[in-house]
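To keep things clear, I will list the structure first and then write my remarks on it.
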Amino acid sequence: MHFLYNLITQLAHILLKIIALFSPKMKLFVDGRKDVFSILQQKITAKDRTIWFHAASLGEYEQGLPVIEKIKERYQNHKIIVTFFSPSGYEVRKNNAVADVTVYLPLDTPKNAEQFLKLVHPDLVFFIKYEFWINYLDALQKQQIPTYLISGIFREKQLFFKWYGGFYRKALNTFTHFFVQNENSKKLITQLGKTNVTISGDTRFDRVAAILDKDNTLEFIAQFKDGKTTIVIGSSWSKDESLLTEYINCSQDDVKFIIAPHNIKPEEIQELRNNISKKTVLFSEKENKDLSQFEVFIIDTIGILTKIYSYGDIAYVGGGFGNPGVHNLLEPAAFGIPIVIGPNFSHFDEAVKLVENKGCTAIKNSNELRIAFSVLIQNRETRHQQGKICSEFVQKNKGATGYILAQIANIKSL
């Protein structure tokens with residue numbers, strides 16, 4: 001099976017190069033890996049001590065960031081190396097301030113794994129949430145490098161739990177310890193005979209809780225809001241937007257709308273704008289305008305949605321009409337905002353729990369969306385109570401970072 005895995009990886013590499021000729025995103029994926037080893041040679045010397053974090057994409061990076069920051073504080077004589085698999089993570093966070101070196105992870109071949117570890121020679125390795133690359137894990141195990149999974153999630157559909165997943169199960173022997181998010185993950189991994197597993201919770205709660213201590217001021221958003229009830233629509237996709245634009249166009253309430261789409265390609269932004277009949281302004285054209293005179297504000301940039309949530313009275317988080325489902329609810333929840341989402345959220349524990357606790361409302365169609373918004377707009381007390389449920393949920397579940405750090409504090413090699 002390992003031979004077959006390597007063969008598939010090599011064939012995928014060839015196929016990706018062909019796809020890159022036609023796909024800008026895949027071109028980033030392929031081209032971004034061309035200079036990884038030369039970058040590592042330039043930025044890491046044989047005398048450097050390093051700690052390596054791997055994140056699949058942006059969400060996993062944000063999830064692991066509290067641990068990365070604390071590790072950087074604790075081990076100041078080490079360089080922090082961060083790798084990404086996906087362009088949507090690397091391209092957004094390639095210039096982050098916490099890592100000394102940020103690169104794509106080379107494809108998972110035995111040769112790449114050997115060369116990568118030779119250049120990085122980490123004292124400690126963290127994989128965030130998931131992504132189990134067989135050759136990298138095999139090389140880490142052979143070199144006996146302490147390797148941890150943090151904020152891990154395991155599900156029955158994963159290859160580890162199939163009768164034919166033996167070579168994948170063997171790769172789990174690499175991990176010094178599994179820090180998982182919930183009881184179900186612990187149960188599944190324990191069934192494989194693993195005893196080095198602890199429920200630590202989700203480090204994302206620490207990440208979003210810390211946001212409250214930062215300066216979230218955006219004067220242009222305050223000007224646009226103009227003291228009025230404001231609905232912030234974050235990470236919306238076209239299926240979300242078809243319902244939302246219908247609602248916005250028909251709404252008679254004195255409400256402002258801020259839309260931060262998941263995709264900000266100019267043609268998609270223009271299509272969104274064309275579908276809105278109310279007075280609309282883009283972030284890219286906000287200069288020298290009286291923003292208070294507009295009813296809809298489309299954010300055609302990235303990196304400021306978190307701060308925008310701090311101005312919201314109600315949040316709609318997109319992705320819930322797609323697969324695998326809804327985007328990050330925890331940022332608006334941290335600010336104590338009631339949340340509305342689409343129907344696909346069962347893969348995300350925080351969404352399930354917030355819906356169960358009635359801090360978040362899941363809708364299936366335009367009529368349910370209208371009712372959910374109307375209730376929250378017209379009833380300040382309901383809005384306050386649901387928002388309180390959200391903020392208390394975040395505060396109650398923070399602390400995973402400190403727990404993880406305490407557990408690895410006795411590593412003698414560092």
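The values are calculated or read from the model by the stated rules, or taken from the named source; none is laboratory data. From a predicted model like this one, the values you see are computed outputs, not experimental measurements. Using ideal geometry, Cβ is built from the backbone for each residue, glycine included, and neighbour counts are taken over all protein chains shown. Side chains included, ligands, DNA and RNA excluded: accessible areas come from the protein's heavy atoms. Shrake-Rupley method; radii C 1.70, N 1.55, O 1.52, S 1.80 Å.
Using only the heavy atoms of the protein chains and a 1.4 Å probe, how would M1, M26 rank by accessible area, largest first? Walk me through the intermediate numbers first.
Details: M1 120, M26 45 Å².
So, going from the largest accessible area down, we get M1, M26.
Which lysines, if any, have their Cα less than 18 Å from the Cα of K396, not counting same-chain residues under 8 positions apart?
Reachable lysines: K353, K358, K388.
So how strong a dipole does region 323-414 carry about its Cα centre when Lys and Arg Cβ are +1 and Asp and Glu Cβ are -1, to the nearest 20 debye?
Using Cβ point charges on Lys, Arg, Asp and Glu, region 323-414 gives about 120 debye.
Give me the distance in nm between label points sitting 7 Å out from Cα along the Cα-to-Cβ direction at N379 and Y164, one decimal.
Distance between label points: 5.2 nm.
Would you kindly find the accessible area of I18, with a 1.4 Å probe and non-protein molecules such as ligands, DNA and RNA excluded, rounding to the nearest 10 Å²?
Surface open to solvent at I18 totals about 90 Å².
Could you sort W163, W133, W237 by their accessible area in this structure, using a 1.4 Å probe and putting the largest first?
Descending accessible area places them as W163, W237, W133.
Would you look at the GNM of the chain, springs on alpha carbons closer than 10 Å, and say which of Y148, Y168, Y61 moves the most?
Residue with maximal mean-square fluctuation among Y148, Y168, Y61: Y168.
What's the FRET efficiency of F220 with V255 using the Cβ-Cβ distance as r and R₀ = 30 Å, to the nearest 0.05?
My answer for the efficiency is 0.95.
What 222 nm value per residue comes from the helices of the chain, counting each DSSP H run with n ≥ 4 as -39,500 (n - 2.57) and dividing by all residues, nearest 500 deg cm²/dmol?
-13000 deg cm²/dmol
Counting only protein heavy atoms and a 1.4 Å probe, tell me what percentage of the chain's accessible area is made up of carbon and sulfur. Mind dumping the intermediate values first?
Details: 10010 of 19680 Å².
Answer for the chain: carbon and sulfur cover 51 percent of the accessible area.
Hey, what's the chain come to in accessible area per residue, 1.4 Å probe, Å²?
Accessible area per residue, the chain: 48 Å².
Take the chain, connect every pair of alpha-carbon atoms lying under 10 Å apart with a spring to form a Gaussian network, then pick out the residue of I259, I314, I39 with the largest mean-square fluctuation.
I39
Top to bottom by accessible area (1.4 Å), largest first, where do D254, D213, D313, D108 land?
Of D254, D213, D313, D108, the descending order of accessible area is D213, D254, D313, D108.
How far, in nm, would the chain grow between E114 and E156 when pulled straight, counting 0.36 nm per residue and subtracting the alpha carbon separation?
Result: 12.0 nm gained on full extension.
For region 36-136, state which trypsin sites (Lys or Arg not before Pro) are in a DSSP loop and have at most 16 other beta carbons lying within 10 Å of their beta carbon.
Answer by residue number: K47, K94.
What does the charge count around T190 come to, taking other residues whose C-beta lies under 14 Å from its C-beta (Lys +1, Arg +1, Asp -1, Glu -1)?
Working: positive: R169, K186, K187, K194; negative: E156, E183.
The answer is +2.
How large is the dipole of region 134-200 about the Cα centre if only Lys and Arg carry +1 and Asp and Glu carry -1, each at its Cβ, rounded to the nearest 20 debye?
160 debye
Quote the charge dipole size of the chain about the Cα centre in Debye, to the nearest 20; the model charges only the Cβ of Lys and Arg (+1) and of Asp and Glu (-1).
So the magnitude is around 1300 debye.
Would you mind computing, in nm to one decimal, how far apart the modelled labels at K364 and K286 are, each placed 7 Å from Cα along Cα→Cβ?
Output for this residue pair reads 3.8 nm.
Mind checking the angle between helix 58-74 and the chain's longest principal axis? C-alpha axes, 0 to 90 degrees, to the nearest 10.
On a 0 to 90 degree scale, this one is about 60.
Rounded to the nearest Å, what's the spacing between the alpha carbon centres of region 340-398 and region 16-60? Just the number, please.
Spelled out, the Cα-based centre of one part sits 38 Å from the other.
Using the charge dipole of region 217-397 (Lys, Arg: +1 at Cβ; Asp, Glu: -1 at Cβ; taken about the Cα centre), state which of H327, F224, L369 has its Cα farthest towards the positive end.
L369
Any idea how far apart D213 and M1 come out in nm if each label point goes 7 Å out from Cα toward Cβ?
Output for this residue pair reads 4.4 nm.
Does region 1-157 come out rounded, prolate or oblate by the C-alpha gyration tensor, with a ≥ b ≥ c the root eigenvalues, rounded set by a/c under 1.5 and, if not, prolate when a/b is larger than b/c and oblate if not?
rounded
Round to the nearest 10 and report in Å² the accessible area of L137, as given by a 1.4 Å probe over the protein chains' heavy atoms.
Probe radius 1.4 Å; accessible area of L137 about 0 Å².
Which one of F175, F348, F297 has the biggest mean-square fluctuation once the chain is modelled by GNM with Cα springs under 10 Å?
Result for the chain, Cα springs under 10 Å: F348 fluctuates most.
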